[in-house]
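What follows draws every value from the coordinates through simple rules; no lab data is involved. Just so we're clear, the structure is a prediction, and the values are computed from it rather than from any experiment. Cβ: placed from backbone, ideal geometry, glycine included. Neighbour counts: every protein chain shown.
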Amino acid sequence: MDAKTLNLIDKIEKNKKDLTNLNNEEINVLKKIILDKEQYNHKVEKAIEKALSPLINAYKFSHEKPYWFSEETTYTDNIWILNLTKQPQVINFEKIIINDESKLIDHKNLLNFFKDWIIYCGNPKYYNGNNPSKVTINRAIRQVYILIDSIILNSEKIKLKQRQLNALDKPFFIDILVKLGKYGCEEGIYEYSKRVQNFLLDKIEHIDLVEYRDFLEKYPYSEPENQNIHLNLDEDQINKCRFWLYKNNAYKKHPHRKGISLRTNYFDFLYKNCISIYEIKFPIIEEFNLVEDCCDSKEYKAVPVRNEESESLSFKAMSFYLSKIALASQIINKKNYLTSCNIVSNIGEINLKDINNQVELTPLGRFVTLPSDIVFVSIKHAFEFLIEYMDEILTSIERVFIYIKNQKLIQRNEIKNINIDLFLTTKLRNIGVQQWNIKPEAENRINKIRNNEGLFNLFDVLISSLQVLIGATMARRQAEIIEMKNEYCLLPKNLDPLENNDIDFDILFENRKSGFSFEDRYREILSKPILRSIAGFIYKLQKFNNFLIKNNFCSNDTSLLIGISPKDLKISNLNIAKYNKNLDLFCDYFSSKVIEYKKNDFRRFYIRQHQLRRFFAMLFFWSKSYEGLDALRDFLGHTDTEHLYHYITENINGETLAGIKARSIIEEFQNIDREKHIENIEKLFPLLLEHYQVSEFSFLSEVETFEQYKHMECVYYLKDVIDAENKISQLIETNIIDLKPEFFTKLTEDGKKIRDFKLILTITGE
């Protein structure tokens, strides 16, 4: 490296030069540095980044102190505090022991590699120069935590202390990824059940047998209905483990639940040597619960919302881990770690094929598509309930709050001692309302709610009905619906949609996928057309919320969808848990479909918002199979089919859309007696046989699948349909096939031009 080059690098390092103040000669020198790969090393790379940082976002990133570090945290510290979530994350490198004897902080090269691995997860350079969100960074870092933990937990086996970074070779990571692929994170990496079992087997060797017998009289053995993990223990061992755990304060009792369950984080101490201990959520060990926990407020167990019959990792999840290992390879090879590492890391060459040769990776755990009849019936129920009872419920509850204000009740829960009849409308009395609220622990709770006995339970049904209608017709994310602000979610403001038939109404959302700028995130406000009748329901709820705001029962910043605590009548915005509980209540109240999921295991379809998003997009494809596209467009508030499709593709990610297209293709095959509406559909079947090397391929209808698997154990809901959907989705996601609309203009009978479309299956290479 010549003197001019060395001189320029020195000036850049001392902050005397950067891209804003270079002369022509220095620019040419910098260009030469960038292009001269033979002279490229870590010092040169740092100088280039520093020189370009004033004008290129990717180089503004501070490796020594990323913006998501706490104010007091720097790279050289051995205790880091990261501000990536609501609660700061603490990484204590000082506590980590390798080879069960040596502190990590005494091995600077290894320590700095781990630090760099974490920091590079937030470097814009690895996101095509874009600044990743804190959510994205946190997700990436959590994967790196797990990989670092796999190194620490195996440090003695791989002789990490002696071999240092040489221990992190290709066979090691393939072994880790295979275990991860076969058994998932908790068992594959952390061996949770094995560690817990070995720990407890040691402890129960020394228990007081007299106390143990007394314990058994109080808590006799009971076999759990659901077991998330299975320990290799007999009944006597399980009882002794329960006793030891009871004696060591491992249980918690919920005030409104009939059971005593194990503390979720009780066994965290077994992983005190790991980085991610506070990030990993280990499964509850149902075998150790003393009494069956009857806390679930649902009437039935739920049909799973994902097709997760396999413990193995998905292709997509595995690819994320592979990308983090590739990042580790880049760090090892690019930085000064090579000075103490006598081989060039080849771990970046590991690919999915290396893993899939040893473990069958599953397709992504896709969301189960709700049967169409369930959603259509739910929409019908929601509309009818709100039309019939919304005014009555809001009026009755408004009377309660007026009474609280007039009587100046400081303790709002005093209202429970007053006759509820004073506040009810005649219609609510007539349908059975007689209590303020049916408590979670009440006997026959769901039946009582279904009989309309609880006023505030009916309010939750009201809110959940709106969740279903907004969720099914607007294709928004759950968080976007939760965060809809009461004040400005409906446009035009302060106009009753039902009294203004000549005005179109829009609903406003904060787009959760909009841009960001380091810590100052912003979200785009989106305005989307909404069905007038739903806008009318929103307007009524706004008026009710405005009454609460005006009388200081809640703040001006209240969301549209609220909850009312039956204990003290406090108003709160919905969170994710309450949003889902509302949907559960909705399905129970209206007695949604129940199926025999396994033999003698009856389950209900409990709706989730991601399923309603799928339903919205499914409507577009259904419109070619069923009559009534014009009615569909009107229902969705769109006037143009092309506009409708663009709305769908803008708001539904590619992965979800692939599943929806796959489902549409399957339904085309299932309905053999109906006219075909997908061109080239006949070419798919031979492709499926060839691609997956099978001799036959099943497209059973929902009815046929139910019949076939009705009385078989360990067979999941619509197994064959789900499997077929997964396989077709893979073909779409890998661009082997696609299902797309082809738009055209046609004339109606009255001479108007409208945009219509046909669905075409395309196959790569044709």
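Tabulated data for the structure shown
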read-out	value
Estimated translational D of segment 372-604 in µm²/s (Stokes, Kirkwood radius over Cα pairs; 4 °C; 1.567 mPa s)	68 µm²/s
Pairwise FRET efficiency - TYR221 versus LEU6, Cβ, R0 = 56 Å, nearest 0.05	0.15
Across LYS194/LYS324; LYS593/LYS746; LYS134/LYS316; LYS353/LYS758; LYS182/LYS676; LYS95/LYS247, pairs whose alpha-carbon gap is larger than 32 Å	LYS593/LYS746; LYS353/LYS758; LYS182/LYS676
Sequence of THR264, THR656 once ranked by neighbouring C-beta atoms within 10 Å, starting from the fewest	THR264, THR656
Spin-label model distance (nm) - GLU388 vs ILE431, 7 Å beyond Cα toward Cβ	0.6 nm
Label-point separation, ALA577 to ASN500 (7 Å along Cα→Cβ), nm	3.9 nm
Inter-probe distance in nm under a simple model that places probes 7 Å from Cα toward Cβ, at LEU352 and ASN130	2.1 nm
Computed lengthening from ASP738 to ARG755, 0.36 nm per intervening residue step minus Cα-Cα distance	4.0 nm
Label point at ASN198 placed 7 Å out along Cα→Cβ; residues across segment 128-172 whose backbone nitrogen lies under 18 Å	149-160
ASP236-LYS108 FRET efficiency (beta carbon distance; Förster radius 51 Å; 0.05 resolution)	0.50
Linear extension gain, SER565 paired with ARG163, 0.36 nm per residue minus alpha-carbon span	138.8 nm
